[in-house]
Amino acid sequence: MMALALSSASSQRIGLGSRSMFGIGLVVACVLCGCAVRVDAIPNLQMKPDPPTVGAYYFNWYNLDDQWTRVSRVRDPQLGNYDQNNPEVLQQHHKWAKMAGIDFFAMLWQGAGSADVEDENGVEIDKRISAHLAINDGVKTALVYNIRDVVDAGTRGAIDLAESNFCQIFTDHLMYAAKTHFPSENYMKYGGSPVLFLYALRDYRNYENCIKLALEEIKLKLGQTPYIIGDSIWWYPSVEKYDWSGWSKVNVSAVTAYNLYDGGQPSRMGTSFAWNSAQLFHDVVTAAWARRMMVVPTVVPSFDDTKLHGSDRPTIQRDGGAELVQQWKQNLWLMKCQPKFMRAFTGGFLAGFGRSKKRSSTAFSPIVMVNSFNEWHEGTEIEPDTESGELFLKLLNSLKSEVENEDLPCTQEKDAARRSPKLLYPKNFKSKKDKSRTKGDSAWIKGVRFIGWFFIMWVLFLAGGPTLLKLTGARPAKVKDDDLPEDFQVPQPGKKKKV
């Protein structure tokens, strides 16, 4: 049996649930390298980390079908109820993206160019994506292909590409993207390949042959295949039961989760979401690395769709930016250290279509996704609103710029006990009053603080009050027997003292 030898300085156990870095290295070294490896002997592991590539999910549906007034939201955009047919709106969004350090927009796309399906809104959204691609300012565009809505598969229904003409629709849409969007100089490339997100890939069924054929056609046209990032990570089934084999066969190069919010699991939402979601991303590492797939974490600054689905839904509150900071920090190890280990264990090779190998210096640059730039109806947006302004843009930029300075050795990962290494707080971020709290929330918090301070003072008084009074002379010392007069007699019960 082959083993992974770790140096004494890097042999400490780290938490991936019940896993350790030793376990990750053993699996990856055995499966990928077939030889023993010493971490301290790998030069790549000492490399300075690349700044993470930051993507933000972006929606082009405003104001289709009177979207703003038809669908409720908890906050209002600084630009008002804008229309994305207006070029000035797109220019402003790109300007804000650069301010936030966002490298590309990942745009939800329902496809275009298929004679087997008609979707007027889909055609309009495709036109708006083309308008984004025409903006040459460094903010790239990538497609997040969502066939679920096209085939009417429902929120959690299976997407069976063997049904009806679904495979033909899928192929038509990808060929259209290859002809019209992928060649653009402003389309997001990774390792030289166009990036394509497959939304809800975890729900695909009978898809292998269909996707293989589509990718072969794209390869004939472009001479390359897309860098596929699959929306594959979810709370269930367990990680070991994911369809890893199928994803490998269709050239999935990275796995992510579009959004891990689940209203059916309130205990994992709210204030515990940051830790629970980050732990799930970390739990996927071993299986993903064994198949040369990167893990792309997603941070969700907040989630509040109570205006849309009712007030009993669990929420993830912004807390003035604290939630975004916490999620970012919990996933920092994936941003800073994952690329180093991927380079070390794969020799800098990126798996390509048919599991061929392609060397690229940027193949393992870290990627982190933000959900979202402008999904106002679910309350995840970082686009400036009427309350916080540009706060979240500046905060994201600060977080990104300080990754390389974080005090986080790659042999010390987050653990199941919820402990974290010492991390930097964004220097450029000045906390402001949290306007997401209601008056009732503030009154309750003040009340709890008052009761807490009162309880602490009461305990301190009971513990030290008598001693303090005694030392200051405010309380007489207890009378001792030897302080009594010699002729004093203690009265006996039932007897009267003679005068």
Using the Karplus curve 6.51 cos²θ - 1.76 cosθ + 1.60 with θ = phi - 60°, work out ³J(HN,Hα) for each residue of segment 198-210 in order, rounded to whole Hz, and write x for Gly and Pro.
-> 9, 5, 6, 4, 4, 9, 6, 9, 6, 10, 4, 5, 4
Taking 0.36 nm per intervening residue step and subtracting the Cα-Cα distance, what contour gain separates residue 158 from residue 249 on full extension?
-> 30.8 nm
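Using a Förster distance of 30 Å, how high is the FRET efficiency between residue 217 and residue 185, based on the Cβ-Cβ distance and rounded to 0.05? Walk me through the numbers on the way to the answer.
On the way: r = 23 Å, r/R0 = 0.76.
The pair residue 217/residue 185 has a calculated efficiency of 0.85.
May I ask you to compute the full-extension gain from residue 209 to residue 176, defined as 0.36 nm times their residue separation minus their alpha-carbon distance, rounded to one decimal in nm? Walk me through the intermediate numbers first.
Numbers: separation 33, 0.36 × 33 = 11.88 nm, distance 1.90 nm.
Fully extending the segment from residue 209 to residue 176 adds 10.0 nm.
What percent does the relative contact order of segment 156-216 come to when contacts are Cα pairs within less than 8 Å and at least six residues apart? Show your work: numbers first, answer last.
Details: 37 pairs, mean separation 35.2, N = 61.
Result for segment 156-216 is 58 percent.
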Efficiency by 1/(1 + (r/R0)^6): what FRET value for residue 92 and residue 271, r their Cβ-Cβ distance, R0 = 22 Å, to the nearest 0.05?
-> 0.10
Separation of alpha-carbon centers, segment 172-222 and segment 282-308, rounded to whole Å = 21 Å
Write down the accessible area per residue of segment 150-306 in Å², having rolled a 1.4 Å probe over the full set of protein chains.
-> 33 Å²
Which of 329/446; 189/221; 98/127; 249/336; 179/219 have a Cα-Cα distance over 20 Å?
-> 329/446; 98/127; 249/336
Suppose R0 equals 51 Å; then what is the FRET efficiency for residue 307 and residue 407 from their Cβ-Cβ distance, rounded to the nearest 0.05?
-> 0.80
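The values are calculated or read from the model by the stated rules, or taken from the named source; none is laboratory data. Just so you know, these numbers come straight off a predicted model, no measurement behind them. Don't worry about glycine lacking a Cβ; one is built from the backbone with ideal geometry, like all the others, and counts go over all protein chains shown. Heavy atoms of the whole protein, side chains included, go into the accessibility calculation; ligands, DNA and RNA do not. Shrake-Rupley method; radii C 1.70, N 1.55, O 1.52, S 1.80 Å.
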